[in-house]
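Chemist: Before I ask anything, let me first share the structure, which is written out below as structure tokens.
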Amino acid sequence: MSRYFLKCYDERVIDEARVVFLTSSMAFSFFAIESLTNAVYMQFIENNVNELEKKENRYIQNKIDKINKRLNIDKNLFSELQIRIDEMREFRNNLVHCKPLQSEPNEVEYDSNDSDNPCYIKTQIFNEPSIFNEVNKDNAQKFIETVNDLETMWNKQCQKQFNREIFFSPVMQIK
């Protein structure tokens, strides 16, 4: 994903294609965050942690925290970026995992012709009424900028502290 594709995006594109393009762009932006985090973690952190810590750091947020600590990134400086990353994670999780939330007890819809035959149990799929309310060009741009901001911040600190740049994974190379 790159700014180039978003720049070439034409507002005249039909709605279905627009939703698919923007939704994909937003989801892949978080995949890029995960890829960047794993690349930095493996290159600059993993050799310095014990086996127990490696198991704890399966989760992206734990890896981000370790990276920021190792690179001496101030929590206040990172707070706005963290908020955007959290928004991206929530969007991606709602889109990709699509797990029903807990339903109300005994909320069952019955077949109108057969009151003894339950059709389905009412559930709420997303935290929001519709995940697609968040899908727009501004949010896609914000997600892409978040990836670039994180990459710039970490790369600058890696150069400063370790005198070398981050080697990127294939996912990051296509961004």
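Chemist: In what sequence do 145, 80 fall when counting other Cβ within 10 Å, fewest first?
Modeler: 80, 145
Chemist: How high is the FRET efficiency from residue 75 to residue 42, r the C-beta distance, R0 35 Å, rounded to 0.05? Write out the running numbers ahead of the final one.
Modeler: Details: r = 23 Å, r/R0 = 0.66.
The value I calculate is 0.90.
Chemist: In nm, give the distance between the simple-model label positions of residue 161 and residue 133, each being 7 Å from the Cα along the Cα-to-Cβ direction.
Modeler: About 4.0 nm separates the two model spin labels.
Chemist: Which pairs in the list 75/137; 75/142; 63/156; 63/137 are over 24 Å apart, alpha-carbon to alpha-carbon?
Modeler: In this structure, 75/137; 63/137 lie more than 24 Å apart at Cα.
Chemist: Which ordering of 21, 143 is given by a fewest-first count of other beta-carbon atoms within 10 Å?
Modeler: Numbers: 21 18, 143 27.
By the 10 Å Cβ count, ascending: 21, 143.
Throughout, read-outs are computed from the coordinates displayed, never taken from laboratory work. Please read all numbers here as calculations on a predicted model, not as lab measurements. With ideal geometry, Cβ positions are generated from the backbone for all residues, glycine too; neighbour counts draw on all protein chains shown.
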